[in-house]
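Participant: Just dropping this structure here.
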Amino acid sequence: MPLFSIRRKKAENEKMIEGEEAINILKALEKSVIDDMESSNELNQLEEMCEIYIRFLRVSSLADIQKVDQELERGNILILDMYDILGSPSEAKRSVEQLRAICRYKEAEMRSLGNRYIIIAPYFVKIVS
């Protein structure tokens, strides 16, 4: 008698599944359970990210752009005050280019709030204009 056997109803009669076929069905079932567990882990990660903050950051130099990257990694929404860096047009342009590159890489959204402020949201938050 085989180690594993599964009964599956078929129309009017029953068919006994034995041996290799039964093992393949059990492996498929095991994979399904593992997939469910992996999606459960994804839910746990989302629960950890439930503490989402709206952060206000002043950008006064290119070094401040690293803070933006870190905050986006944590899943926070950012409002950037660009006033201090606007005094130097070339540095302002480079900082905006770096912000755009970070947003593209992290699939984040970035919008201007007038001339002075920029809002950046992580990939799971949509900014509606």
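The values are calculated or read from the model by the stated rules, or taken from the named source; none is laboratory data. It should be emphasised that the depicted structure is a prediction, and the values quoted were computed from it without experimental measurement. Positions of Cβ are backbone-derived with ideal geometry, glycine not excepted, and every protein chain shown enters the neighbour counts.
Participant: Do the conditions hold for Leu86, that is, is it farther than 15 Å from Ile65 by Cα and either in contact (Cβ under 8 Å) with a residue 24 or more places away in the chain or among the β-branched types (Val, Ile, Thr) (or both)?
Facilitator: no
Participant: Within the range 108-129, which residues are in contact with a Leu (Cβ under 7 Å, 6 or more places away or on another chain) and part of a strand (DSSP E or B)?
Facilitator: Result: Met110, Tyr117, Ile118, Ile119, Ile120.
Participant: Tell me the residue from Leu43, Leu26 that is farther than 17 Å from Phe124 by Cα and modelled with pLDDT under 90, please. I'd like the intermediate steps shown before the answer.
Facilitator: Working: Leu43 fails: farther than 17 Å from Phe124 by Cα.
Sole residue among the options that is farther than 17 Å from Phe124 by Cα and modelled with pLDDT under 90: Leu26.
Participant: Continuing with the same structure: Tell me the residue from Ile54, Ile127, Ile65 that is surrounded by 14 or more Cβ atoms within 10 Å (Cβ to Cβ) and in contact (Cβ under 8 Å) with a residue 12 or more places away in the chain, please.
Facilitator: Ile65
Participant: Continuing with this model, one more query. Looking at the range 68-87, which of the residues that are modelled with pLDDT under 90 and outside any helix (DSSP H, G or I) is surrounded by the most Cβ atoms within 10 Å (Cβ to Cβ)?
Facilitator: Looking at the filtered set, the residue picked out is Gly75.
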